[in-house]
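Visitor: Dumping the structure here so I can ask a few things about it.
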Amino acid sequence: MTGEQRFLLLLILVGALATVLGLVSRRARLLPYPVVLAAAGIAVGLLPGGQFPRLGGSVILLAFVPGLIFEAALTLDLAELGRRMLPVSLLATAGVALTVLLIGVLTHLLLGFSWASGFLLGAILAATDPIAVVALLRRLKAPSGLAAILEGESLFNDGTGVAVFSAVLATILSGSPSFGDATVRFLLITLGGTAIGLAVGFLGLVLLRFAEDAPLEILATLVIAYGSYLAADLVHASGIVAVVVAGIVVARYGTRLGRLHGPQLLGFWSLLAFVLNAMLFIIVGAALPAWTVLPVAWLVVATFLIMLVTRAVPVYGLLALAAGRGQSIPWRWRHVTFWAGLRGALSVALALSVAGLSGVDSRVSAVAYGVVLLSLLVQGALLTPVMRGLRIEAT
């Protein structure tokens, strides 16, 4: 069997497996779909003999993540997000910085990672994942304010988290890692991604203005989503930030053009997100087999516990600050926000991108992958019972 035939076989098997798992998830309502997919990814990774081609982290980021993030931005409740912008912005900025700092310090002091590797691991695990969180929220009957906080945080801190990751990795690869160098790189990467996202988003609105039927509208939004990522990536800015900004620009101003209300457009993006989400977890399992986690299992468990602790600090601290500024954030919402801080396939893609890089601790990618699996299997599987226990009723 040729390499091309093996790749086609992989796509066929992944599609068939994702369909079966979707049916299983719909029957077992307490088991969210991303959790089922994560378990399937583990099983695929354990298949003997390396039967399937394995995609690298950069390919996964380029092919899958822009579509998933653009769909999440396109379907945001912008009115509710505007009312919850203070807690969202605090979690997506100060929250990410605190998480990276705390994970970096604690993994260095308690687990023996170098400062550079600890902060790199913190950057990989800093952002909650909209690919996982949004999919779960759509299965649960979450209040609109809580959903806006979780979806907004997940979307925005993906941009800031990946920008921090890019800055930390760049300063490590430079051979002389330093906090000042990483900070400057972060600002340049973030500002560059924001500028490109704004430019591509408003240029895309021009395309949408002349798109008078659904197929052209769909094609224009595809160009915006993947074009913004590629344009930013070519100049070494943050592609994720660019996609988030472009998606919000289109969602905010596209409705004024009389666009983005058609069921065909939203139906296409919903289907695309479902397909990409289903394939991503399984392909990642094949790219980074679960057996690579076994030699560092104790580090994985310890880092997962550290991640939970470091999630609690910004959530309860920053949401208390937002509540003191007049925002109504019930304690039940704060508990759910803490527990729903899942890490997902985006973190795994970042971990894959550093696997095998010279100058990077080889344990970082394996530990990050193991923590993501624990996050999905433990936090994800218990999210519905937690919400029911807090009397946030689930469907």
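Visitor: Restricting to the stretch 156-201, give me the number of residues that are of a type in the set (A, V, I, L, M, F, W, C) and in a loop (DSSP other than H, G, I, E, B).
Guide: 0
Visitor: If I filter the stretch 245-275 down to residues being open to solvent by less than 20 Å² (accessible area, probe 1.4 Å) and within 25 Å of Ala38 (Cα to Cα), which single residue comes out as modelled with the highest pLDDT?
Guide: Trp269
Visitor: Please go through the stretch 213-235 and pick out each residue that is under 27 Å from Thr183 (Cα atoms) and without any contact (Cβ under 8 Å) to a residue 60 or more places away in the chain.
Guide: The answer is Gly227, Ala231, Ala232, Leu234, Val235.
Visitor: Does Val65 satisfy the condition of being modelled with pLDDT under 75 and of a type outside the set (S, T, N, Q)? Quick ask: steps written out before the conclusion?
Guide: Details: modelled with pLDDT under 75: no; of a type outside the set (S, T, N, Q): yes.
No.
Visitor: Pairs needed: first member in the stretch 83-98, farther than 14 Å from Phe338 by Cα and β-branched (Val, Ile, Thr); second member anywhere, open to solvent by less than 30 Å² (accessible area, probe 1.4 Å) and not in a helix (DSSP H, G or I); C-beta distance under 6 Å; at least 6 residues apart or different chains.
Guide: Short answer, once both residue conditions are applied: none.
Visitor: Do we find that Thr221 is open to solvent by 20 Å² or more (accessible area, probe 1.4 Å), at negative phi and not charged (D, E, K, R) in this structure?
Guide: The answer is no for Thr221.
Visitor: Kindly indicate which of Leu91, Leu86, Leu146, Leu121 is in contact with a Pro (Cβ under 9 Å, 6 or more places away or on another chain) and at pLDDT 85 or above. Break it down stepwise before answering.
Guide: Details: Leu86 fails: in contact with a Pro (Cβ under 9 Å, 6 or more places away or on another chain); Leu146 fails: at pLDDT 85 or above; Leu121 fails: in contact with a Pro (Cβ under 9 Å, 6 or more places away or on another chain).
Exactly one residue qualifies, and that residue is Leu91.
Visitor: Same structure, new question: Answer yes if at least one residue in the stretch 307-320 is under 29 Å from Ser144 (Cα atoms), surrounded by fewer than 19 Cβ atoms within 10 Å (Cβ to Cβ) and β-branched (Val, Ile, Thr), and no otherwise.
Guide: There is at least one residue in the stretch 307-320 that is under 29 Å from Ser144 (Cα atoms), surrounded by fewer than 19 Cβ atoms within 10 Å (Cβ to Cβ) and β-branched (Val, Ile, Thr).
Visitor: While we're looking at this one, here's another question. Give the residue, chosen from Val386, Val360, that is of a type in the set (A, V, I, L, M), assigned to a loop (DSSP other than H, G, I, E, B) and farther than 20 Å from Val96 by Cα.
Guide: Details: Val386 fails: assigned to a loop (DSSP other than H, G, I, E, B).
Exactly one residue qualifies, and that residue is Val360.
Visitor: Any idea how many residues of the stretch 185-205 are touching a residue at least 12 places away in the same chain (Cβ under 8 Å), closer than 22 Å to Leu102 by Cα and not aromatic (Phe, Trp, Tyr)?
Guide: Of the residues in the stretch 185-205, 2 are touching a residue at least 12 places away in the same chain (Cβ under 8 Å), closer than 22 Å to Leu102 by Cα and not aromatic (Phe, Trp, Tyr).
Visitor: If you go through the stretch 334-350 one residue at a time, do you hit one that is out of contact with any Asp or Glu (no Cβ under 7 Å at 6 or more places or on another chain), open to solvent by 10 Å² or more (accessible area, probe 1.4 Å) and of a type in the set (Gly, Ala, Ser)?
Guide: For the stretch 334-350, residues out of contact with any Asp or Glu (no Cβ under 7 Å at 6 or more places or on another chain), open to solvent by 10 Å² or more (accessible area, probe 1.4 Å) and of a type in the set (Gly, Ala, Ser): absent.
Visitor: Same structure, new question: When you go through Leu109, Leu81, Leu91, Leu68 one by one, which is the residue that is part of a helix (DSSP H, G or I), open to solvent by 50 Å² or more (accessible area, probe 1.4 Å) and of a type in the set (A, V, I, L, M)?
Guide: Of the residues listed, the single one that is part of a helix (DSSP H, G or I), open to solvent by 50 Å² or more (accessible area, probe 1.4 Å) and of a type in the set (A, V, I, L, M) is Leu109.
Visitor: Give the residue that is most open to solvent (accessible area, probe 1.4 Å), with candidates limited to residues of the stretch 227-244 that are part of a helix (DSSP H, G or I) and more than 18 Å from Ala349 (Cβ to Cβ).
Guide: Restricting to residues being part of a helix (DSSP H, G or I) and more than 18 Å from Ala349 (Cβ to Cβ), the top hit is Leu234.
Visitor: Among the residues of the stretch 95-105, is there at least one that is open to solvent by 10 Å² or more (accessible area, probe 1.4 Å), at pLDDT 85 or above and over 23 Å from Val296 (Cα atoms)?
Guide: Yes, the stretch 95-105 has at least one match.
Visitor: Taking the stretch 172-183 as the region of interest, how many residues are free of Cβ contacts under 8 Å to residues at least 40 places away in the same chain and either of a type in the set (S, T, N, Q) or exposed (fewer than 13 other Cβ atoms within 10 Å of the Cβ) (or both)?
Guide: Within the stretch 172-183, residues that are free of Cβ contacts under 8 Å to residues at least 40 places away in the same chain and either of a type in the set (S, T, N, Q) or exposed (fewer than 13 other Cβ atoms within 10 Å of the Cβ) (or both) number 6.
The values are calculated or read from the model by the stated rules, or taken from the named source; none is laboratory data. No experiment lies behind these values; they were computed from the predicted model shown. Every residue, glycine as well, gets a Cβ built from its backbone with ideal geometry; the counts of neighbours run over all protein chains shown. Only protein heavy atoms, including side chains, enter the accessible area calculation; ligands, DNA and RNA are left aside. Shrake-Rupley method; radii C 1.70, N 1.55, O 1.52, S 1.80 Å.
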